[in-house]
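The values are calculated or read from the model by the stated rules, or taken from the named source; none is laboratory data. These numbers were taken from a predicted model, which means no experiment stands behind them. FYI the Cβ positions are ideal-geometry reconstructions off the backbone, even for glycines, and counts take in every protein chain you see.
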Amino acid sequence: MRILVTGGAGYLGSIIVPQLLKNSHEVIVLDNFMYNQASLLDCCNDKRLSIIRGDVRDKSLMANCIKKVDAIFPLACLTGAPLCQQKPVEAQAIIVDAVKIAIELSSKNQIIIMPTTNSGYGIGQSGKFCTEESPLNPISLYAKLKVGAERIVLDSGKGVTLRLATAFGISPRMRLDLLVNDFVYRAVTDRYVVLFEPHFKRNYIHVRDVAKAFIHTLNNFTSMRNQPYNVGLSGANLSKWELCQEIKKQVADFYFVEAGVGEDPDKRDYIVSNEKIEKTGFKPDISLQDGIKELIKGYQIIRKNTYSNV
């Protein structure tokens, strides 16, 4: 297939694009390289890869790209609550309006597989798993925009949305502002972290398993069409305190403590069921513990001032 990946040089894209090429697909990457990342350099020798420096808000450019492909992965995004809060107008244009453009320009025979976020569940009910039928209660602007974009894709009849758990792991376009990546970095470099509202829970997934989920969905699109799917590690619905305990198993002198005052600006608190996508045959490969081990190794190489969204 020929696949357009917008934001293909980002944290997810720079893992997904090489996997698509490995699976013999042709890939067009459209990215504005806003972080000056060089994450796809190792793929440039592949004749099936095309790279376009441009913006998803450019309708004529999008039209030219979309007419050439069978599938669209709209990964371009201002990702995360802090960045969307800083740039709300740009966030609306990139997360929602650009998806509308892709829907408008694509034909009924082209397919769309879009990542959203299970932060759309907001604050869940204690002890009750969020399924794809659970009510959405997005709190941050980022979550609200992603929920809106998901509805556009599903209403189009052309797409599948993947409600991703909090991603972790090493990527060529690394992010240190993701929770697991951040906490492991603090454990390795600072040896401590102060936790706000440490009992808040969420689900996690390795970035390479996110790529695996996209390829799985591409290969099973007909049976999965027009539906959302939670994508996470079913054994990793953990609170921030429990996450720190897992990290401490590998960084023995890591110290963590609950703050007496203050609150977490990201209020998400839920546990998630991934049973629906598992029933289609998808299973993650990488455990949280293996991901922590990988991050510890990677943090011998990189430092925080190099990689972050905000």
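General remarks:
- In the range 187-221, the qualifying residues are those that are among the basic types (Lys, Arg) and out of contact with any Phe, Trp or Tyr (no Cβ under 7 Å at 6 or more places or on another chain), and the one that is farthest from ALA167 (Cα to Cα) is LYS212.
Conditions (1) of a type in the set (Phe, Trp, Tyr); (2) surrounded by 18 or more Cβ atoms within 10 Å (Cβ to Cβ); (3) at pLDDT 95 or above, marked per residue:
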residue	(1), (2), (3)
MET224	no, yes, yes
TRP241	yes, no, yes
LYS249	no, no, yes
ASP253	no, no, yes
VAL257	no, no, yes
LYS267	no, no, no
GLY281	no, no, yes
ASP290	no, no, yes
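- Scanning the range 7-24 for residues that are crowded, with 20+ Cβ neighbours inside 10 Å and on the phi < 0 side of the Ramachandran plot gives GLY8, ALA9, GLY10, TYR11, LEU12, GLY13, SER14, ILE15, ILE16, VAL17, LEU20.
- Evaluation of VAL180 against (1) aliphatic (A, V, I, L, M); (2) within 25 Å of GLY8 (Cα to Cα); (3) more than 14 Å from the chain's Cα centre (by Cα) (one fails), failing number: (3)
- Among (1) farther than 14 Å from PRO74 by Cα; (2) in the same structural domain as THR222 (by TED's automatic domain parsing); (3) surrounded by 21 or more Cβ atoms within 10 Å (Cβ to Cβ); (4) not acidic (Asp, Glu), the one test that SER126 misses: (3)
- Among the residues of the range 94-108, just one is surrounded by fewer than 18 Cβ atoms within 10 Å (Cβ to Cβ), at pLDDT 95 or above and either among the small types (Gly, Ala, Ser) or part of a loop (DSSP other than H, G, I, E, B) (or both), namely SER107.
- Figure legend. Inter-residue proximity from the range 38-62: first residues within 19 Å of MET174 (Cα to Cα), second residues of a type in the set (Ser, Thr, Tyr), beta-carbon distance below 7 Å, spacing 6+ or different chains. Indicated pairs: SER39/SER14; LEU40/SER14.
- For the condition at pLDDT 95 or above and in contact with an Asp or Glu (Cβ under 6 Å, 6 or more places away or on another chain), ILE152 does not qualify.
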